[in-house]
1. List the relative contact order of the range 116-278 as a percent without decimals, with contacts defined as Cα pairs under 8 Å and 6+ residues apart.
2. Under a 10 Å cutoff between Cα atoms, tell me which one of A130, A186, A295 has the largest fluctuation in the Gaussian network model of the chain.
3. Under the classification rounded if a/c is under 1.5, otherwise prolate if a/b is larger than b/c and oblate if not, where does the range 160-305 fall, given a ≥ b ≥ c as square roots of the Cα gyration tensor eigenvalues?
4. Enumerate the helices in the chain for which the Kyte-Doolittle hydropathy averages 0.0 or more and the C-alpha atoms extend at least 18 Å along the helix's axis, using complete DSSP H runs.
5. Pick from P233, P41, P163: which residue has the top mean-square fluctuation in a GNM of the chain where Cα pairs under 10 Å get a spring?
6. Within 10 Å, at most 15 other Cβ atoms, and a DSSP state outside H, G, I, E, B define an exposed site. Report the longest part of the chain free of exposed chymotrypsin sites (Phe, Trp or Tyr not before Pro).
7. Going by the alpha-carbon gyration tensor, a ≥ b ≥ c the square roots of its eigenvalues, is the range 200-241 rounded (a/c under 1.5) or, if a/c is not under 1.5, prolate (a/b greater than b/c) versus oblate?
8. Kindly provide the GluC sites (Glu not before Pro) of the range 160-256 that DSSP labels as loop, not H, G, I, E or B, and whose Cβ sees at most 11 other Cβ atoms within 10 Å.
Amino acid sequence: MTKTVFIDGAAGTTGLEIADRLAGRSEFSLITLPDGDRKNPARRAEALNSADFVILCLPDAAAIEAVAMIRNDSTKVIDASTAHRVAPGWAYGFPELTAGQHDALAGSTRVSNPGCYPTGFLALVAPLVAAGILSTDARLSINAVSGYSGGGKELIARFEAEPDLGFRSYGLSLNHKHVPEMQRGAGLTHPPLFAPAVVPVYRGMLVEVPLGFDAPTADAAFATLAAHFEGSPLISVRRGEDSELLLNRNEDATDRMDLAVFSDPSGCQLRLVARLDNLGKGAGGACVQNLNIMAGLPETAGLRL
């Protein structure tokens with residue numbers, strides 16, 4: 001049976017990515033509003049309440065408002081904003097995070113899609129904390145660079161209008177809105193120190209977590225990550241042997257994520273690196289993966305593999 005989907009915020013970057021992945025799929029039918037009705041409360045409420053699935057690609061306040069407009073018990077919601085990522089009653093939309101997360105999402109009516117940076121960080125760190133390789137009271141740092149499309153239309157316009165801009169470091173107040181979901185998702189006592197940056201690449205990102213141990217730990221870390229993601233159709237794990245990692249200006253769209261464990265010869269110093277598409281596994285692709293799971297369909301249907 002065909003299910004209806006309403007993307008609230010369909011004209012934004014993430015909304016367009018989702019619609020592209022749903023195009024031509026017979027399992028879903030998109031509910032769309034004319035441009036003049038997208039901000040009409042009555043028309044939005046009608047669409048929100050008539051859809052089997054709603055995907056919110058909105059600023060936080062607008063996402064909260066949209067959820068409040070749903071007056072029935074049947075519409076299922078996936079929120080791509082940060083509004084509900086640590087909110088009670090919302091399942092965290094990272095199916096590979098724990099052994100039971102996939103099933104939890106399949107039975108949920110409210111799912112909060114992870115952020116792009118937290119997706120990389122949690123994939124690298126959460127399994128190591130669960131295995132006891134990293135202590136819950138570890139003080140971790142994250143160095144990350146993302147393509148500018150992650151900042152939406154405003155940042156896209158800025159980078160395209162300023163061709164000399166080569167590197168933009170931000171979050172310097174150390175209160176980035178992704179930190180709470182990183183801390184909670186990894187089960188950490190202390191918030192990690194997050195150092196994000198944007199580079200003149202449209203899509204793609206590298207998320208790095210440097211670690212130091214008193215004893216050789218690289219083999220155990222790699223084995224833990226490899227075992228955790230074994231059989232995943234979207235996440236691969238490898239021992240890093242590259243001499244450098246690059247982001248190209250025109251990266252191909254992908255919904256996969258590659259995890260690499262780099263280490264010094266002693267195995268005591270590690271650089272854990274996640275490479276993913278900030279618009280794919282970091283946003284639109286993850287939304288569609290969660291939609292597939294909630295609808296009881298193969299989780300990779302429509303994804304860029």
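Derivation of every value follows stated rules applied to the coordinates shown; laboratory data play no part. No experiment lies behind these values; they were computed from the predicted model shown. Glycine gets a Cβ as well: all are built from the backbone with ideal geometry, and neighbour counts include every protein chain shown.
1. 30 percent
2. A130
3. Verdict is rounded for the range 160-305.
4. Qualifying helices: 116-130.
5. In this elastic network of the chain, the residue with the biggest mean-square fluctuation among P233, P41, P163 is P163.
6. Excluding the exposed sites themselves, the longest stretch runs over 1-166.
7. Oblate, since a/c reaches 1.5 and b/c is not below a/b.
8. When the GluC sites (Glu not before Pro) of the range 160-256 are filtered for loop state and at most 11 Cβ neighbours within 10 Å, E230, E241, E244 remain.
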